[in-house]
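One structure is given below, encoded as structure tokens.
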């Protein structure tokens, strides 16, 4: 774990989104311990395929790097993309790695 990661992780312990993501990793991801270890310790080889429960059902998502995994957790774990169920049109101008398409 890098020095930056230790500081970020320590700071996150005092914020609500950390706990929301922690719980949702176990609810949404198949193999949640693998996801958690990769996320916190920044270890593991990429590309890596993850199975995640999305509003559209179980989806296979490939992360090509640790930052891609962070994006997955921000989108699904921290619920950054949460929207009302009756939303009919979504435009994501900052689509990052394109996983928002799996959310809506």
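No lab work stands behind these numbers, since they all come straight from the coordinates. This structure is a prediction, so every number in the text was calculated from the model and none was measured. In this analysis, Cβ positions are derived from the backbone assuming ideal geometry, glycine residues included, and neighbour counts consider all displayed protein chains.
Table for the structure above
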read-out	value
Ranked list, fewest to most other Cβ atoms within 10 Å of each Cβ, for 43, 89, 61	89, 43, 61
Rg over Rh, two decimals, region 27-77 (C-alpha only, Kirkwood Rh)	0.92
Spin-label model distance (nm) - residue 59 vs residue 83, 7 Å beyond Cα toward Cβ	1.2
Global geometry of region 3-102, whether rounded, prolate or oblate, following the gyration tensor of its Cα atoms and the 1.5 cut on a/c	prolate
For region 3-102: relative contact order, % (alpha-carbon pairs under 8 angstrom, 6 or more apart)	26
